[in-house]
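The values are calculated or read from the model by the stated rules, or taken from the named source; none is laboratory data. Computed from a predicted structure; not experimentally measured. Here Cβ is always computed from backbone atoms with ideal geometry, including for glycine, and neighbour counts include all displayed protein chains. Surface areas here come from the heavy atoms of the whole protein model, side chains and all, with no ligands, DNA or RNA. Shrake-Rupley method; radii C 1.70, N 1.55, O 1.52, S 1.80 Å.
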Amino acid sequence: MSIDSHSATPTPASPSGGRVSGNPRFYLTNEFGLICLIVVFGLIFALLAKNFFSPFNLFALGRVAAVNVMIGFAMMVVIVTGGLNLAVGAIGVCGAMFCGFLIQVLGLPWPLAILLGLALGAGLGFINGFAVVRSGLHSFIITLATMSIFFGAMVFLTRAESFRGLPPIFSAFGTARLFGFVSPLLIVAALVGVLLSIMYRYTVVGREMLAAGAKPEAAALSGVPVGRTIILCHMLSGSLAALTALLVMARNGAAIPSMAGQLGQDWLLPAFLGPVLGGTLLSGGRASPLGTFLGAILVTMLTNGLLLLRVGEFWVQACLGVLLLFAVLVDKARRSYLAHLKVA
Amino acid sequence: MDRLVRADWFGPLLVTLVAVIGMAAFSPSFLSPLNVQVLLLALCINGLIAFSQMIIIAIGQMNLSVGAIGGLAAISFAGLMEVWGVPAPLAAILAICIGLIGGVLNGFFIAWTGISAFVITLASLSIFKGINLGITRAQPFYGVPESVKAFGNTTFLGPLPWLLIPCAIVFVATWYLLNRLSLGRQILAVGGNEHASALSGISVPRTVIAAHAISGVLAALAGIALVARLQIGQPTIGDDWLILSFAAPVIGGAVLSGGHVSVTATLLGVAIVAIITQALVLFHIDPFLVQVVLGGLILWAVGVNRWREVRVQRSLKRS
């Protein structure tokens, strides 16, 4: 369910739910629309591609989906404040490479290395948040610059070489299958989603984050430390990004500098697709962990299905762009429909 | 003197001059004809990239798809010549049209939906890049005609590359557009205050679409120039333009919320980036550090801009 900073605001509707009678509060949500789409596309792919619902494909899909979901979460926690974090990819790779370095070169035990990797992510996030709050500039330009700095420094320090000497537990975790088709990576992502939901709904910190994003001036007047909250959001984003990269590391069995593409740019599209499809407002103040989760699942399913249908791997990226554009247009149609309802 | 210090181009010009003199003193090969040629070529192509972003910054938006449009134009330019044997001038015009269409589509969706340019151009970045890879299957086009290769790599009057001529014309035209033509003034007005400009009779959607169309054309020109320079139509053209396209306008004092850009200062920003990149090469500093330096430059520049803004506000309050 979506979580709003003003509990009185009506939940925005999805276009598919516009005509449905019954309990409007749920049918009108973005999440319900996404579930419908997931079911519809699932049926289409099941009919067209025979092996879509094979246990192995579901397992592979879950592994990719888990990473996309986590990337979406890492971006979502910053979008909540009305900002952006272009450096998610760069921070994530830095965290994973640091973890790989600690294990392979310094010989630290892996739980400690994972914790330190997450801490590095949070630290880099702190730099972002601190620069944004102190300078008063938009986070777009700050994180654009730090993305270049973090990634460049990482490549310089590692000499662009991978860390492959990881303990077997990583690859065991990455290749394990529960009940024959569920990847543990997906469970981690779901767990993070539940924790984020609880945080935004029930904890003071989470409510403060939503308030600071919805109306910073009002939040400051009612005693929310806005600057500190924004820094906290960036730190959370950094550690989530590092956790995501650790999942990728478990999947690949190695910490590779190019795992998120040049400057971590490959993560940008999934990072925005999930939250935007899931109904997170780019202007801030509204977060939907469930929507982000479903959005990322839908995107991964579409990618996987299109690949199974042999659309050609190169065209899939164009399809994802069209999907984002389509989601934005649907959102626009929904808003004008709601405005029409209010006028009528 | 006070007016001079406050001008946008003064700081970057000072930095450029100091950098050139310093570099020439430390390394005699810096002012060698070959090096000057390399510098000017970088200045031409990166200038086009920076201008493409600058126009969008002027209306207070951002265009993530600059690189994707440029890349698509570049591979269509090379592909048209190789696969269908289209003569180079016609292929260039068609490639520019592709850039124009890409820009108009961006502008149309932004103006029509009213959704932030960031999301729209992120989507179109992915679409254009996907089409690019779909056409090329990630393989470069090698069949670029000799005349195009020669245009990108020969010089006149010593170290001046031929590419400098079209680029210089484009630079002057952009300056003329933003400072003398009513369309350019409208772009800046919309960037400065969208609501006020709409009230004073400017069609905001039309201006947004026009700005994106110009940005698309400039990106396409940069792609074509890069094909001439590299002598192949690489599908990876445009992948690394994003940071660069923001660095130069920001160093040139552009205000990211829109309404204030400077053509001269942006060009000087491009020169600073080019000189620093070159310095790292000449002094055998690790090329991986270029990214760090570029990011640091952006941070430093936005910091200086912010400081200047605060100072102007303070002096306005006092008076």
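Does A:Leu115 satisfy the criteria of being assigned to a helix (DSSP H, G or I), more than 14 Å from chain B (Cβ to nearest Cβ) and not basic (Lys, Arg)? Judged against the criteria, A:Leu115 is a match. Taken together, the criteria exclude B:Gly134 from residues that are more than 7 Å from chain A (Cβ to nearest Cβ) and either among the polar types (S, T, N, Q) or open to solvent by less than 40 Å² (accessible area, probe 1.4 Å) (or both). The set of residues from the range A:142-179 being at the interface with another protein chain (Cβ under 7 Å from one of its Cβ atoms), within 25 Å of the chain's Cα centre (by Cα) and more than 13 Å from A:Val88 (Cα to Cα) comprises A:Gly152, A:Ala153, A:Val155.
Inside the range B:112-125, residues that are open to solvent by less than 20 Å² (accessible area, probe 1.4 Å) and either among the aliphatic types (A, V, I, L, M) or in contact (Cβ under 8 Å) with a residue 24 or more places away in the chain (or both) make up a count of 8. B:Gln231 meets the conditions (1) closer than 27 Å to B:Thr16 by Cβ; (2) touching a helix residue (DSSP H, G or I) at 6+ places or on another chain (Cβ under 7 Å); (3) not hydrophobic (A, V, I, L, M, F, W, C) in every case but one. The failed one is (1).
In summary, B:Val190 fulfils each of the numbered conditions (1) open to solvent by 10 Å² or more (accessible area, probe 1.4 Å); (2) assigned to a helix (DSSP H, G or I); (3) out of contact with any Gly (no Cβ under 7 Å at 6 or more places or on another chain) with the single exception of condition (1).
What helices (runs of 4 or more DSSP H) lie completely within the range B:223-319 and have 1 or more residues being within 10 Å of chain A (Cβ to nearest Cβ)?
Qualifying helices (runs of 4 or more DSSP H): B:241-251, B:289-318.
Within the range B:102-118, is there a residue that is more than 14 Å from chain A (Cβ to nearest Cβ) and of a type in the set (A, V, I, L, M, F, W, C)? Yes, the range B:102-118 contains a residue that is more than 14 Å from chain A (Cβ to nearest Cβ) and of a type in the set (A, V, I, L, M, F, W, C). Quick one: is B:Leu289 within 19 Å of A:Leu157 (Cα to Cα) and in contact with a Gly (Cβ under 9 Å, 6 or more places away or on another chain)? Yes, satisfied. Out of B:Ile98, B:Ile93, one residue alone is within 30 Å of B:Leu268 (Cα to Cα), among the aliphatic types (A, V, I, L, M), open to solvent by 40 Å² or more (accessible area, probe 1.4 Å) and free of Cβ contacts under 8 Å to residues at least 60 places away in the same chain. It is B:Ile93.
Taken together, A:Met249, A:Met259 contain a single residue that is in contact (Cβ under 8 Å) with a residue 40 or more places away in the chain, away from chain B (no Cβ under 13 Å) and part of a helix (DSSP H, G or I), which is A:Met249.
Just checking, how many residues over the range A:300-315 are assigned to a helix (DSSP H, G or I), under 18 Å from B:Leu133 (Cβ atoms) and more than 7 Å from chain B (Cβ to nearest Cβ)?
The qualifying residues number 5.
A:Ile127 - would you say it is at the interface with chain B (Cβ under 8 Å from one of its Cβ atoms), surrounded by 19 or more Cβ atoms within 10 Å (Cβ to Cβ) and in contact with a helix residue (DSSP H, G or I) (Cβ under 7 Å, 6 or more places away or on another chain)? In short, no. Consider the range B:137-161 and keep the residues that are crowded, with 16+ Cβ neighbours inside 10 Å and among the aromatic types (Phe, Trp, Tyr). The one that is nearest to the other protein chains (Cβ to nearest Cβ) is B:Phe141.
Return yes when A:Leu281 is of a type in the set (A, V, I, L, M, F, W, C), part of a loop (DSSP other than H, G, I, E, B), open to solvent by 10 Å² or more (accessible area, probe 1.4 Å) and within 14 Å of another protein chain (Cβ to nearest Cβ) and no when it is not. Against the criterion (of a type in the set (A, V, I, L, M, F, W, C), part of a loop (DSSP other than H, G, I, E, B), open to solvent by 10 Å² or more (accessible area, probe 1.4 Å) and within 14 Å of another protein chain (Cβ to nearest Cβ)), A:Leu281 qualifies. Give all pairs with beta carbons closer than 8 Å in which a residue from the range A:328-340 that is assigned to a helix (DSSP H, G or I) meets a residue that is hydroxyl-bearing (Ser, Thr, Tyr); count only pairs at least 6 apart in sequence or on separate chains. Filtered contacts from the range A:328-340: A:Val328/B:Thr113; A:Leu329/B:Thr113; A:Val330/A:Ser14; A:Lys332/B:Thr113; A:Arg334/A:Ser14.
Okay, residues lined up against (1) at pLDDT 90 or above; (2) under 22 Å from A:Met75 (Cβ atoms):
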position	(1), (2)
A:Gly165	no, no
A:Thr175	no, no
A:Lys215	no, yes
A:Ala219	no, yes
A:Ile230	yes, yes
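Scanning the range A:84-108 for residues that are in contact with a helix residue (DSSP H, G or I) (Cβ under 6 Å, 6 or more places away or on another chain) and more than 26 Å from A:Cys233 (Cβ to Cβ), we see that the one that is farthest from the other protein chains (Cβ to nearest Cβ) is A:Leu108. The requirement of being of a type in the set (Gly, Ala, Ser), more than 10 Å from chain B (Cβ to nearest Cβ) and not in a helix (DSSP H, G or I) is fulfilled somewhere in the range A:286-296, by at least one residue. Among the residues examined, B:Ala88 qualifies as more than 8 Å from chain A (Cβ to nearest Cβ), farther than 28 Å from A:Leu144 by Cβ and of a type in the set (Gly, Ala, Ser).
Would you check if B:Leu40 is more than 14 Å from every other protein chain (Cβ to nearest Cβ), touching a Pro at 6+ places or on another chain (Cβ under 7 Å), surrounded by fewer than 24 Cβ atoms within 10 Å (Cβ to Cβ) and assigned to a helix (DSSP H, G or I)? Yes: the conditions hold for B:Leu40. Report yes if A:Ala333 is surrounded by fewer than 24 Cβ atoms within 10 Å (Cβ to Cβ) and within 11 Å of chain B (Cβ to nearest Cβ), otherwise no. Spelling it out, A:Ala333 is indeed surrounded by fewer than 24 Cβ atoms within 10 Å (Cβ to Cβ) and within 11 Å of chain B (Cβ to nearest Cβ). When the test is whether a residue is touching a helix residue (DSSP H, G or I) at 6+ places or on another chain (Cβ under 7 Å), within 17 Å of A:Ile142 (Cα to Cα) and not small (Gly, Ala, Ser), B:Leu242 passes it.
Number of residues in the range A:71-112 that are in a helix (DSSP H, G or I), in contact (Cβ under 8 Å) with a residue 40 or more places away in the chain and open to solvent by less than 50 Å² (accessible area, probe 1.4 Å): the value is 22.
The number of residues in the range A:291-327 being closer than 25 Å to A:Ala190 by Cα and modelled with pLDDT under 80 comes to 1. Residues that are open to solvent by 30 Å² or more (accessible area, probe 1.4 Å), closer than 26 Å to A:Gly261 by Cα and in contact with a Lys or Arg (Cβ under 7 Å, 6 or more places away or on another chain): does the range B:233-250 have at least one? The answer is no, given that none of the residues of the range B:233-250 is open to solvent by 30 Å² or more (accessible area, probe 1.4 Å), closer than 26 Å to A:Gly261 by Cα and in contact with a Lys or Arg (Cβ under 7 Å, 6 or more places away or on another chain).
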